[in-house]
1. So which residues in the range B:16-71 are on the phi > 0 side of the Ramachandran plot, among the small types (Gly, Ala, Ser) and more than 14 Å from every other protein chain (Cβ to nearest Cβ)?
2. For the structure I just gave you, tell me whether residue B:79 is part of a loop (DSSP other than H, G, I, E, B), in contact (Cβ under 8 Å) with a residue 24 or more places away in the chain, among the hydrophobic types (A, V, I, L, M, F, W, C) and facing another protein chain (nearest Cβ under 9 Å).
3. So in the range A:139-153, with the set limited to residues that are of a type in the set (Val, Ile, Thr) and surrounded by fewer than 22 Cβ atoms within 10 Å (Cβ to Cβ), which one is nearest to the other protein chains (Cβ to nearest Cβ)?
4. Return yes when residue B:191 is surrounded by 20 or more Cβ atoms within 10 Å (Cβ to Cβ) and either over 19 Å from residue B:43 (Cα atoms) or modelled with pLDDT of 85 or more (or both) and no when it is not.
5. Looking at the range A:96-138, which of the residues that are free of Cβ contacts under 8 Å to residues at least 40 places away in the same chain and closer than 24 Å to residue A:219 by Cβ is surrounded by the fewest Cβ atoms within 10 Å (Cβ to Cβ)?
6. Need a quick list: strands (runs of 3 or more DSSP E) entirely within the range B:140-208 having at least 3 residues that are under 17 Å from residue B:129 (Cα atoms), without any contact (Cβ under 8 Å) to a residue 24 or more places away in the chain and of a type outside the set (S, T, N, Q).
7. Please count how many residues of the range A:206-243 are more than 14 Å from every other protein chain (Cβ to nearest Cβ) and either of a type in the set (Val, Ile, Thr) or free of Cβ contacts under 8 Å to residues at least 60 places away in the same chain (or both).
Amino acid sequence: MLDDFFIRALVAGIGIAFVAGPLGCFVVWRRLSYFGDTLAHSALLGVTIAYSLEFNIAASIFLISSVIALILIQLQKKTNLPSDALLGLLAHSSLAVGLVVIGFLTFIRFDIMGLLFGDILAVSKKDLVTIWVGGSLILLVLKLIWRPLFASTVNYELAQAEGLKPDRAKAVFTILLAAIIAISIKLVGVLLITGMLIIPTAMARNLSDNPQKMVFFSIIGGLLSVLIGLFSSLEFNTPSGPSIITAALILFILSLFKIKQSIKLKN
Amino acid sequence: MSTENNILVRLKDAGIKQNDKWLVKGVSLEINKGKIVTLIGPNGSGKSTTAKIALGIYKEFDGIVEKFTNKIGYVPQKISIDWTLPLRVADFMILTDNLASRDINEALKLTGVDHLIDKSLGNLSGGEFQRVLLARAISRKPDLLVLDEPVQGVDFSGEIALYQLIKKISEKLNCGILLISHDLHTVMSATDHVVCLNGHVCCSGSPIDVAKDKEYKALFGEQASQTLSIYEHKHDHIHPNDGDIKKD
């Protein structure tokens, strides 16, 4: 069954949707969407390093993204530049350096479009193992740090005062973010991973009045986006990443009508 | 009176410096089980900062802070909840601890907001939100309660009721309370020990001692001192001095 590329893509996408939902909620709540983008952009550099050193792609992306996150923290401490400028600096320079390095690696044939926007044909059986094992680990760790992370998202001082160690939770969360980027790059692509994290979550926000519901609906939204996106990618021969994100956008737009309804009900 | 194992938190010569300016300096105080310590002082005198030092919110500070409990309930002075996060009162109550729904309901009932449990936090009024904050802090039955202006925005009759509740909680749970307030009149009636701050400790002691203190009069004016005196007449017993504080 897994010999069919489309089934592989589906299994990969479903795995990613399960992880992207809960992580995406925290990205939205903690206002980290541009931070996620920066990590994702740096992933391209990770891919080139993996190819030139013949190293595991997911592991290499994970390492580079983590390094970029560390550099960001250092720059925030040592410069007077605002965070969004630093994020832009890191995002675009790591993307640029990644593309320049690809230019030098003429002995390897790169599918740049595939790297940037995802490739439905690229998911191997080994990738499925990475996604499902890696994804389960990410969810397990997220469950372990859920309370301190969530409490400090609501109010840092409360969490710190009542003994929850919010700084540690934040650091672990950054690593989880790097990890999901590493496992989802093949299917969704460098430029659109953040969309996978935040668009189903944004849709879920429109439908939820409590955090558990929002996590639940963002997983549902992600699953629907993957299914609709991949089927239309197959049907219309479009790249997989943009197809999934477009499906997510349509779901988001539909969720706006639900808000209108509930406002009417209130009046 | 205070034996070693009754102490919950002890600050020795604690202070914090930001951009070469002392926010607060040389604060020594201790909070014991079942006792209420109140911090008073003008705006910017370092009351909230002192509370945050005691809570361990600052990573770098001067002096020594010894904490003998981890079961703490905190009502911050300012809290802004981001509305990208959908949060009901029920979700907020279990923010830092798993609680049985019976405990949650009981705490909300005590502060008079149990009917709001399914409401979104964003739809509460200032006073309602304050009552929820207090309920959340007491619901985990903490050893130490730190209350930074816990009744701000609460209506007048509610204010008195909440102060009575705070007093009752300290007796019932035998927990120590660090209270910050502007409302001298009400606060003093429930306090065991007062610390008057103005960037440093101006004076401290029992409410009666502090009211007589020259520095206190200079800071709050003659009238504030009289407020306390009036209170003193209403009172039917005398607070003993804790003994570890300098006297006039």
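1. B:26, B:34, B:41, B:44, B:46, B:63 - these are the residues of the range B:16-71 that are on the phi > 0 side of the Ramachandran plot, among the small types (Gly, Ala, Ser) and more than 14 Å from every other protein chain (Cβ to nearest Cβ).
2. yes
3. A:145
4. The answer is yes for residue B:191.
5. Top of the filtered list is A:129.
6. none
7. Residues meeting the conditions: 12.
Here is a yes/no grid of residues against (1) closer than 22 Å to residue A:154 by Cβ; (2) of a type in the set (Asp, Glu):
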residue: B:56; (1), (2): yes, no
residue: B:60; (1), (2): no, yes
residue: B:65; (1), (2): no, no
residue: B:70; (1), (2): yes, no
residue: B:75; (1), (2): yes, no
residue: B:81; (1), (2): yes, no
residue: B:84; (1), (2): yes, no
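The values are calculated or read from the model by the stated rules, or taken from the named source; none is laboratory data. Source: prediction; values computed, not measured. So basically every Cβ, Gly included, is an ideal-geometry build from the backbone, and we count neighbours across all protein chains shown.
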